[in-house]
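Rule-based calculations on the coordinates, nothing more; no lab input. Model, not experiment: these values are computed from the prediction. Glycine gets a Cβ as well: all are built from the backbone with ideal geometry, and neighbour counts include every protein chain shown.
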Amino acid sequence: MRRHLIYGVHVQNRGQNALQMQQLLTEYGCHIKTRLGLHEVDEKSCSTGGLVLLEMFGDLAQCVLLRDKLNAIDGIEVKEMIFEHEG
């Protein structure tokens, strides 16, 4: 059975949380296959919140550790999606 583990990371106060989050993403970078950042932006403003999607890879224990460390940061919430299939 193959597994795809996706984390949705909701970030509030990007300016305050970006550095600590980026340090963790760098530390666990070998377990992140895909990273996509989304936030609202227009001509007049840039949102202070956002969403980061992470497709995880490798050792499940390390992936869970990253999730837990991100969740421990005030203003960050992580949800997960797991897809399993044969092949």
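Neighbouring Cβ atoms within 10 Å as the yardstick, rank Leu19, Leu25, Leu38 fewest first.
Numbers: Leu19 8, Leu25 17, Leu38 12.
Ranking Leu19, Leu25, Leu38 by Cβ neighbours within 10 Å, fewest first, gives Leu19, Leu38, Leu25.
Of the residues Gly87, Leu70, Val9, the one whose Cα sits farthest towards the positive end of the charge dipole of the chain is Gly87 (charges of +1 on Lys and Arg Cβ, -1 on Asp and Glu Cβ, taken about the Cα centre).
Can you give the net charge of the other residues whose Cβ lies under 15 Å from the Cβ of Gln22, counting K and R as +1 and D and E as -1? Net local charge, Gln22 excluded: +2. Spin-label model, Asp74 to His4: label points 7 Å out along the Cα-to-beta-carbon direction sit 3.7 nm apart.
Take the Cα of Ser45, step 7 Å toward its Cβ, do the same at Ala18, and the gap between the two points is 1.7 nm.
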